[in-house]
Amino acid sequence: MNKQHYTDEFSKGVYQCKHCGAQLFSSHTKFHSGTLWPSFRTALPGAITTRPDHSFGMVRTEIVCGKCGQHLGHVFDDGKEYGDTHPEAGQRFCVLSETLDLKKK
């Protein structure tokens with residue numbers, strides 16, 4: 001089985017939910033964070049739902065697909081600290097590669 005890892009993928013396109021096909025992130029908002037997970041500065045409008053996550057003794061904000069509820073990862077307020085040099089840098093949507101499909105343009 002060949003798994004796609006999107007951490008170092010920077011082709012133009014739209015990242016979709018692998019479970020339901022909903023469009024989640026534009027490639028224009030992706031940046032290299034130096035982590036093992038693909039990172040985006042923002043999601044497409046209405047694509048993501050957030051909820052508190054207190055698992056593993058941590059306080060985080062979970063992100064899920066707004067259409068099907070699939071767990072995608074977490075969002076943090078440390079985008080600038082993790083390499084986002086865009087003027088609107090701030091949040092870092094830290095997403096699991098296995099939850100995404102990239103529809104290249």
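Of note:
- 10 Å-binned pair-distance histogram of region 63-105 (Cα, whole percent): 26, 39, 33, 1
- Accessible carbon and sulfur surface of the chain relative to its total accessible area, %, 1.4 Å: 51 percent
- Kirkwood-based Rg to Rh ratio, region 27-105, C-alpha trace: 0.95
- Using the Cβ-Cβ distance between residue 86 and residue 19 with R0 = 25 Å, the FRET efficiency computed as 1/(1 + (r/R0)^6) comes to roughly 0.30.
- Spatially proximal lysines relative to residue 105 (Cα-Cα < 26 Å; intrachain offsets below 8 disregarded): 3, 12, 18, 30, 67
- Qualifying trypsin sites (Lys or Arg not before Pro) in region 1-84, where qualification requires a DSSP coil assignment and no more than 14 other C-beta atoms within 10 Å, comprise 3, 12.
The values are calculated or read from the model by the stated rules, or taken from the named source; none is laboratory data. Nothing here was measured: the structure is a model prediction, and the numbers come from that model. Counting neighbours? That spans all protein chains shown, and the Cβs are built from the backbone with ideal geometry, glycine included. Surface areas here come from the heavy atoms of the whole protein model, side chains and all, with no ligands, DNA or RNA. Shrake-Rupley method; radii C 1.70, N 1.55, O 1.52, S 1.80 Å.
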